[in-house]
Amino acid sequence: MWIAYKTIVVKEILRFSRIWVQTIFPPIITTSLYLLIFGGLMGERIGDMQGVDYLHFIIPGIILMTVIQNSYANTVSSFFLAKFNHSIEELLISPVSYWVILMGYVSGGIARGFTVGLGVFVAVSFFVELQIYSVLIVLITFLLTAILFSLAGFINAVFAQSFDDISIVPTFILMPMTYLGGMFYSIEILPEFWQDLSKFNPIYYMVDSFRMGFLGSSTTDFWVSMAVLFSMIVVLAIVAFYLLKKGVNIKT
Amino acid sequence: MPEALLISNLTKTYANNMQALSRVNLSIKQGDFFALLGSNGAGKTTMIGIICSLLNKSSGKVQVLGKDQSTHLNEVKRLIGLMPQEFNFNPFEPIEEILINQAGYYGIGRSQAKAQAEILLKRMELWDKRSDMAKSLSGGMKRRLMLARALIHQPKILILDEPSAGVDVEIRRSMWRFLRELNEQGITIILTTHYLEEAESLCRNIAILDKGEIIEQTSMKKLLARVSQQTLILESVQPLPEILPEFSFKIERLDAHSMQVILEHENISQALSALSAQGVEIEHVRSAQNRLETLFLRLTSKAS
């Protein structure tokens, strides 16, 4: 079981590494530009937010955004392509349990999220002096976020029938949720109604606790954020496992 | 000794109510080289898909070397190697990696998998291309890659779904030699093919599937013995007379040097002696029709 898991993970890492020009490099460039424009150029005019200057405020959110997008993109594209070119059959005919397949793909998503997130962190640290309040909180939040969105990408890939289907969710659901999850602002500046509404957005909890890991301050209790993240992971993992076991859109 | 494959009452009905298999019963002995023939849409690929866990069955039982697929799925999976009809590998993956990964899914460590991959890729004449992406291979090479992949975990039963499709004659013959070697080593081989010559040349036993039902299961020898009629094309040394003499078999002049002979009760040497007695010396004999093809068409048209 361990060998099969390791094989899937290594295969996934090699897959996104081989096409680093598409998978690793562009998000590092894009997010560095975000930081330069929103943080560096416009940040001075915006002033402080949540007690720190705007540039330092948005860095955690932007790093987490790349983690979310890349973890999701890795599983959705890899698993959909495996369905599309039928190479998923290599796994289906083998004695690999469904949990191992799921964990393998999710680990691939985590690996890409980590690689790109770390790339952005390193790129940013050339221009900004970064301080981390708690490495443990940063790493735990990163890990849970990457697991959650790798699972979501996997479920999207199971249902996807065409290449359009793997871009609809990231464009119309994931992107608005990410932008409205407090990545660029603290929800404290919103009217009460919108503050309450933001709390239904799971990305808010991830950004909030990730930011806490960097800045040491948050708008929601850390353990509430962890509970939200953990419960969502459990739900999505069960759904993904059920779909895989049933062979939805994989076996007829 | 348990059967290599024992299928009982296997039925498959797709979501659109199309019944691909209807209460199929099939038994294949260990060490056999077995042909599973049928026209397009007869249900061969569906049956293979179910045996290899790529499709869900509607009802029935599949046992591999005495192990029930429903209760010992992973053990059954380990016993089978599949070379499918359609290319089903990642075209953007290097060839050697495809084999090593497949071995990994069966729990074989990387170093052992690498050694096994080297043996198979050399045997398949793909070793020089081991670092190339699979998409760069020709059709025949892709088939050989899939055969190597099917063997990477050293299965006891090898299922080949149209292994020679798109493979040139030379490679096909070399593949046949390799398959015979594998069979001699004790691997049970189940083959589906549209090249009936391939089935006739390689297989000892045969089943014919038509519209989801097994309409015939017997030995190749017994089946071929049912075709008493042989049609041969004979080439003569000297030019043939315009009107050929009478023989106990049917004969028809095709051109100055060739004739078609239909044998029902005589064998070839009797026919050649009779021709020689009439001064017709034969320098070349070839079969005008594949016997298995004749029988296959007869059986499947009777069933329909």
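The values are calculated or read from the model by the stated rules, or taken from the named source; none is laboratory data. Just so it is clear, the structure is predicted and the values come from calculations on it, not from any experiment. In this analysis, Cβ positions are derived from the backbone assuming ideal geometry, glycine residues included, and neighbour counts consider all displayed protein chains.
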Which one of these does B:Ser53 not meet: (1) of a type in the set (S, T, N, Q); (2) in contact with a strand residue (DSSP E or B) (Cβ under 6 Å, 6 or more places away or on another chain); (3) crowded, with 22+ Cβ neighbours inside 10 Å?
(2)
Restricting attention to the range A:107-122, does a residue exist that is free of Cβ contacts under 8 Å to residues at least 12 places away in the same chain and either surrounded by fewer than 24 Cβ atoms within 10 Å (Cβ to Cβ) or away from every other protein chain (no Cβ under 14 Å) (or both)?
yes
If only one of B:Ser39, B:Ser22, B:Ser59 is touching a Phe, Trp or Tyr at 6+ places or on another chain (Cβ under 9 Å) and farther than 23 Å from B:Arg180 by Cβ, which one is it?
B:Ser39
Filter the range B:99-156 down to the residues that are over 22 Å from the mean Cα position of the chain (by Cα) and of a type in the set (Asp, Glu), then identify the one that is farthest from B:Cys52 (Cα to Cα).
B:Asp128
Go through A:Lys199, A:Lys251 for me and flag whichever is charged (D, E, K, R) and in contact (Cβ under 8 Å) with a residue 40 or more places away in the chain.
A:Lys251
Wholly within the range B:87-197, which helices (runs of 4 or more DSSP H) include no fewer than the required count, namely at least 3 residues that are closer than 28 Å to A:Ile13 by Cβ and in contact (Cβ under 8 Å) with a residue 40 or more places away in the chain?
B:95-105, B:139-151
Every pair of residues 6+ apart whose Cβ atoms lie under 9 Å, when the first sits in the range B:39-55 and is more than 14 Å from chain A (Cβ to nearest Cβ) while the second is assigned to a helix (DSSP H, G or I) and not charged (D, E, K, R)
B:Ser39/B:Phe296; B:Ser39/B:Thr300; B:Ala42/B:Thr300
Could you list, in sequence order, the residues of the range B:255-304 that are modelled with pLDDT under 85, among the aliphatic types (A, V, I, L, M) and in contact with a helix residue (DSSP H, G or I) (Cβ under 7 Å, 6 or more places away or on another chain)?
B:Leu263, B:Leu292, B:Leu295
Out of everything in the range A:228-252 that is within 17 Å of the chain's Cα centre (by Cα) and of a type in the set (Gly, Ala, Ser), what residue ends up being farthest from A:Ser134 (Cα to Cα)?
A:Ala240
Considering only the range B:58-94, state which residues are within 10 Å of chain A (Cβ to nearest Cβ) and of a type in the set (Gly, Ala, Ser).
B:Gly81
Taking only the range A:16-30 into account, find how many residues are touching a helix residue (DSSP H, G or I) at 6+ places or on another chain (Cβ under 6 Å) and modelled with pLDDT of 90 or more.
1
How about the range B:211-257: which strands (runs of 3 or more DSSP E) wholly inside it have at least 3 residues that are farther than 19 Å from B:Thr294 by Cα?
B:230-236, B:250-253
Before we move on, is B:Ser174 assigned by TED's automatic domain parsing to the domain that holds B:Gly43 and either surrounded by 19 or more Cβ atoms within 10 Å (Cβ to Cβ) or within 15 Å of the chain's Cα centre (by Cα) (or both)?
yes
Determine which single condition B:Tyr105 fails, assuming it passes every other condition in (1) away from chain A (no Cβ under 11 Å); (2) crowded, with 23+ Cβ neighbours inside 10 Å; (3) of a type in the set (Ser, Thr, Tyr).
(1)
Evaluate the range A:135-142: report whether one residue or more is more than 28 Å from A:Thr220 (Cβ to Cβ), aliphatic (A, V, I, L, M) and touching a Phe, Trp or Tyr at 6+ places or on another chain (Cβ under 8 Å).
no
Could you go through the range A:137-144 and let me know if any residue there is under 22 Å from A:Gly43 (Cβ atoms), without any contact (Cβ under 8 Å) to a residue 60 or more places away in the chain and either buried (at least 17 other Cβ atoms within 10 Å of the Cβ) or touching a Cys at 6+ places or on another chain (Cβ under 8 Å) (or both).
no
